[in-house]
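Undergrad: Shown below is the structure under consideration.
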Amino acid sequence: MTIKHIASLFVANKGLRQVILKNTFWLIVSEFLSRALGFVLIVYVIRALGAEEYGRFAFALAFVSMLVILADFGLPPILTREFAHRREAEKEFPSVLSLKILLSCVVLAVMLVASLFITSDPTVLKLIWIFSPFVLISNFFLLLFAFLQARQKMEYQALLKTGQAVLLLGAGSYVLFQYPMVENFAYAYLAANILALIGSLLFFHFRIVKLKLAWQPETIRKFVQLSWPLALATIFGALFVNIDSVMMGYFGQIVQTGWYNAAYRIIGAVVIPATLIATSFYPAMSKFFQESLERFQNILNIQLELMVVLAFPIAAGGLLLASRIIYFFYDPSFAPAIPAFQILVGMISISFLYGPFYSALLASGHQRTALQVTFWGALVNVILNLVLIPRYSLYGAAVAILIAQLVILLLAGRSVRRLLPAPLISVGAARAVLVAFFSTLLMVGAISAPLVSHLSVVLVVALGAFVYLAAVSFFVVRGIGWLSLKHWKTQWA
């Protein structure tokens, strides 16, 4: 295969299957590199700072991450959907960009004022002031990525995102080894993000589309009307993800916040495959909802079946290897994080399953339904946290978010079912469950064998992944499972 053919496969957009393959490839590259680099850095931060100092770090970051969603206002997925439907809609981008800048300035003021009421710890307060512009800049990248996703140009998103991750790693590592204080590390994060944003804006302006500001009331009004339900849903989602750390910090459980977030960081790395798949499928899902409900459901079914195959081994492997995983990354002082990690593994497996439903609601224009689903999940999470955290600390927080994820899965699945021309639980989905279940049993047997007990956890995980993939491949070759070639050809037709 010539260089021209390779470039054509991974740069040009030639058809549905090729575009999704290309997008998935570049998303894998960018997400893997950015998250892997970020994960390595944060593990060293946790080990260097210890549970208490990292608890302050995590508390401050969770607080601003909860508020930064106000600046997001649900704009990125709406922009992707609108621009994917109509290329000529890109002329509205300057107005959306102006709205984004205005929202960011307002939210920055809100963060600084609200910080005075959330903590009396001077270190946490200072961290909040540093992290406020940091998260707003990170959030600004999402608007640029949304534009690139609408054009199905994930290769450029991969370039920008990887560049941002390299800068963060470089600045963070330098400060971590030369001036190992939590405030210095926060300053390094902020400086690196500013440089990344400047470089990304220049690239975008000269390579993608010329950036300019405009204020067209009709355009602003249209995007506000389209995005406000999703904005509220995103706010509830931010509450869902960050409220546990904020509550623990507010209740003075700083060390417990460090343990909890140390476990959560590992879980965050596990989310990468689901994120890649969802982002790759979303533009196509948006397109086909307008053209064919049957093809829309086919894409949804494939995404759901892939999530089933991912969820089973992660849940089983995480439960069995929890202690070995925690001790691999952290020292024995983080032992209290092990039970929380096991609960969070179950939570993330459930989130894999509701992800396709949530994407389907957004792609079909049912932002208000997504809002309702997320509201009930966030409400359940907040109530359970208020009840469980004072008594059970980080374990109560983990149980609360697991139950809330289950509520969202049930509500989102029921809502999506009403949109589809065929039953939601297809024969392919049922076969996917069977394939994943029996393949997971084989994987569990392999990693539980006495012969592998003395191996490094990295080798055990690699062995488990190999056995699982081999088992799934067996079903593919035999044509038994959902992954049979005949099934794929039918779904993609």
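The values are calculated or read from the model by the stated rules, or taken from the named source; none is laboratory data. The structure displayed is predicted, hence computed values, not measured ones. Glycine gets a Cβ as well: all are built from the backbone with ideal geometry, and neighbour counts include every protein chain shown.
Undergrad: So which residues in region 178-188 are without any contact (Cβ under 8 Å) to a residue 24 or more places away in the chain and either assigned to a helix (DSSP H, G or I) or not hydrophobic (A, V, I, L, M, F, W, C) (or both)?
TA: Scanning region 178-188 gives Q178, Y179, N184, A188.
Undergrad: Among the residues of region 244-284, write down those that are within 30 Å of Q297 (Cβ to Cβ) and either of a type in the set (S, T, Y) or not in a helix (DSSP H, G or I) (or both).
TA: Listed by number, the residues that qualify are V271, T275, T279, S280, Y282.
Undergrad: How many residues are more than 17 Å from Q253 (Cα to Cα) and either without any contact (Cβ under 8 Å) to a residue 24 or more places away in the chain or outside any helix (DSSP H, G or I) (or both) when one looks only at region 118-129?
TA: Looking only at that region, the number is 1.
Undergrad: If only one of F73, F93 is at positive phi and surrounded by 20 or more Cβ atoms within 10 Å (Cβ to Cβ), which one is it? Break it down into steps so the answer makes sense when it comes.
TA: Working: F93 fails: at positive phi.
Exactly one residue qualifies, and that residue is F73.
Undergrad: Among the listed residues S34, S104, which satisfies the condition of being in the same structural domain as S227 (by TED's automatic domain parsing), closer than 16 Å to F145 by Cα, hydroxyl-bearing (S, T, Y) and in a helix (DSSP H, G or I)? If you could, list the steps in order and put the result at the bottom.
TA: Details: S104 fails: closer than 16 Å to F145 by Cα.
The unique qualifying residue is S34.
Undergrad: State whether one or more residues within region 249-268 are within 19 Å of T374 (Cβ to Cβ) and of a type in the set (S, T, N, Q).
TA: Looking for residues that are within 19 Å of T374 (Cβ to Cβ) and of a type in the set (S, T, N, Q), one finds none in region 249-268, hence no.
Undergrad: Further question on the same structure: Return a yes/no flag: does region 170-188 have any residue that is within 23 Å of the chain's Cα centre (by Cα), assigned by TED's automatic domain parsing to the domain that holds L97, surrounded by 17 or more Cβ atoms within 10 Å (Cβ to Cβ) and not charged (D, E, K, R).
TA: yes
Undergrad: From V309, V241, which residue is under 19 Å from the mean Cα position of the chain (by Cα), touching a residue at least 12 places away in the same chain (Cβ under 8 Å) and either assigned to a loop (DSSP other than H, G, I, E, B) or surrounded by fewer than 20 Cβ atoms within 10 Å (Cβ to Cβ) (or both)?
TA: V241
Undergrad: Next question. Mind listing whichever residues of region 374-399 are under 25 Å from A269 (Cα atoms) and either within 19 Å of the chain's Cα centre (by Cα) or outside the structural domain of F296 (by TED's automatic domain parsing) (or both)?
TA: T374, G377, A378, N381, A398, listed by residue number.
Undergrad: Sort out which residues of region 189-229 are in a helix (DSSP H, G or I) and closer than 17 Å to F83 by Cα, and write them in order of number. Outline the logic, then answer.
TA: Step one: list which residues in region 189-229 are in a helix (DSSP H, G or I), which gives 189-208, 217-229.
Passing the criteria: F204, I208, E218, T219, I220, R221, K222, F223, V224, Q225, L226, S227.
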